[in-house]
1. It is to be established whether one or more residues within segment 162-178 are exposed (fewer than 15 other Cβ atoms within 10 Å of the Cβ) and under 29 Å from Ala263 (Cβ atoms).
2. State whether one or more residues within segment 222-230 are under 19 Å from the mean Cα position of the chain (by Cα), buried (at least 18 other Cβ atoms within 10 Å of the Cβ) and outside the structural domain of Ile110 (by TED's automatic domain parsing).
3. Name the pairs: first residue in segment 161-176 and free of Cβ contacts under 8 Å to residues at least 12 places away in the same chain and on the phi < 0 side of the Ramachandran plot, second residue buried (at least 22 other Cβ atoms within 10 Å of the Cβ) and outside any helix (DSSP H, G or I), Cβ to Cβ under 7 Å, at least 6 apart or on different chains?
4. For Gln241, indicate whether it is under 26 Å from Ser65 (Cβ atoms) and crowded, with 19+ Cβ neighbours inside 10 Å.
5. Please identify the pairs in which a residue from segment 202-220 that is in contact (Cβ under 8 Å) with a residue 24 or more places away in the chain has its Cβ atom under 9 Å from the Cβ atom of a residue that is surrounded by fewer than 14 Cβ atoms within 10 Å (Cβ to Cβ) and part of a loop (DSSP other than H, G, I, E, B), counting only partners at least 6 apart or on another chain.
6. Please verify whether segment 5-15 includes one or more residues that are closer than 26 Å to Leu201 by Cα and either in contact with a helix residue (DSSP H, G or I) (Cβ under 8 Å, 6 or more places away or on another chain) or at pLDDT below 95 (or both).
7. Of all strands (runs of 3 or more DSSP E) completely enclosed by segment 43-95, which ones contain at least 3 residues that are assigned by TED's automatic domain parsing to the domain that holds Leu140 and surrounded by 15 or more Cβ atoms within 10 Å (Cβ to Cβ)?
8. Kindly list the number of the only condition in (1) closer than 30 Å to Glu22 by Cα; (2) out of contact with any Lys or Arg (no Cβ under 7 Å at 6 or more places or on another chain); (3) touching a residue at least 24 places away in the same chain (Cβ under 8 Å) that fails for Glu266.
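The values are calculated or read from the model by the stated rules, or taken from the named source; none is laboratory data. All values derive from a computational prediction rather than experimental measurement. So basically every Cβ, Gly included, is an ideal-geometry build from the backbone, and we count neighbours across all protein chains shown.
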Amino acid sequence: MMKSVNLQIELIERTLNAIPNEGLVPSLIKGLQIARSNSPTQPTPVMYQPCLCFIVQGQKTADFSGKSFPYSPGQYLVTSVSLPVMGQITEASSEAPYLCLILDIEAAVIHDLMNLSGMTHTTKKQSKSAFYIGEVHPDLSDAFLRLLRCLDRDQDRLVLAPMIKREILYQLLHSRCGDVLGQLGLLDSQTSRISRVLHRLQTDFAAKLSMDDLAKSAGMSASAFFHHFKEVTGISPLQYQKTLRLQKARELLIAGQSDATTAGLEVGYESVSQFNREYSRLFGAPPLRDLKRARMQVSQST
C-alpha cells in the first residue's frame, strides 16, 4: 500500500513539474502530451486521436455514443481510432489540478507488437467499439512513472522512452483492452478499414463524399460499411463528417484564420444559416459568441 501511495505522489509531482501552467502541451518525449486544468470545465466537443489517456489527478467525464463515462486515477481511457467525444473536467482546483498523460497509439506499433507476441494469428477480426475505459494495473502506473523520469535526461528520452512506450502498449494488448487495440493491429480488420476511411474524412473534410464512395474505400458494401462504422465510432458516417467539419471550423475561428461568415463555407457547408444552426447545437452558442467565450477561457488560464 505504501509503495503505491509513494508511486502516486511521485507521479503527481513529476507531472506538475512537466506542466507548470494550464493547457495541453507536447512533452519532450515524442508522442506524449500532458494536460493540466486548475478548475472544472464546461462540456467541450473534441476529436480524440488514437491515444491512451492516463489520469494522474482529478476527474473527467467523456460522453460517447449517448452515454456518459466518468474516469479518474485508477482508470484509463483508450480510443483506437479518431473519435468525436464530449469531454468535461469535473474535478480540478488550483490546489489539486486535473492532470492527464496522453500517449499516442500508432497502428504500426500495435501491429509490430502483435506480430512479436503471436497475437496476429489468435485475434479474431470483428467490429469493436474504438472507445474503452479500463482499470489501471500497478504495472501500468509504474511504466508511466518511469516514462516521466525519462524527462530528466536527454539520453533516457532517446533510448529508454521509446521502449517504455512500447511496454505500455504491450501491457494494454495483454489486458482486457487487448480486443479493442488488437483490431487496430490487424491490417484487414473492420476497425482498420474504418480507420482508413476516417483518415480520408479528416483529410478531405470539405469534399462531397457519398456513402457508396466511402464504402468502396473500406472494401465493404454500403450496408456493411454503415453497420461497422457505427459499431466502431458510435455514430453514423454523416454525423461523423458533420462533427468533424464543425470542429475544423471552430479551429479556424480560434486561430483567427477565418471569420464567422466564411468558416462554414471553408469546411464544406453550402448554407451559412445551416452552419450557424448546427454549430450552435454542437458548441452551445453561435460562432461569434462561442469564439468570445473560448478566448475568455484562455485569458483566464494565463
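1. There is no residue in segment 162-178 that is exposed (fewer than 15 other Cβ atoms within 10 Å of the Cβ) and under 29 Å from Ala263 (Cβ atoms).
2. Yes: segment 222-230 contains one or more residues that are under 19 Å from the mean Cα position of the chain (by Cα), buried (at least 18 other Cβ atoms within 10 Å of the Cβ) and outside the structural domain of Ile110 (by TED's automatic domain parsing).
3. none
4. yes
5. Listed pairs, sorted by first residue: Gly219/Asp188.
6. No - not one qualifying residue is present in segment 5-15.
7. Result: 44-48, 51-57, 59-64, 75-79, 83-91.
8. It fails just one condition, (1).
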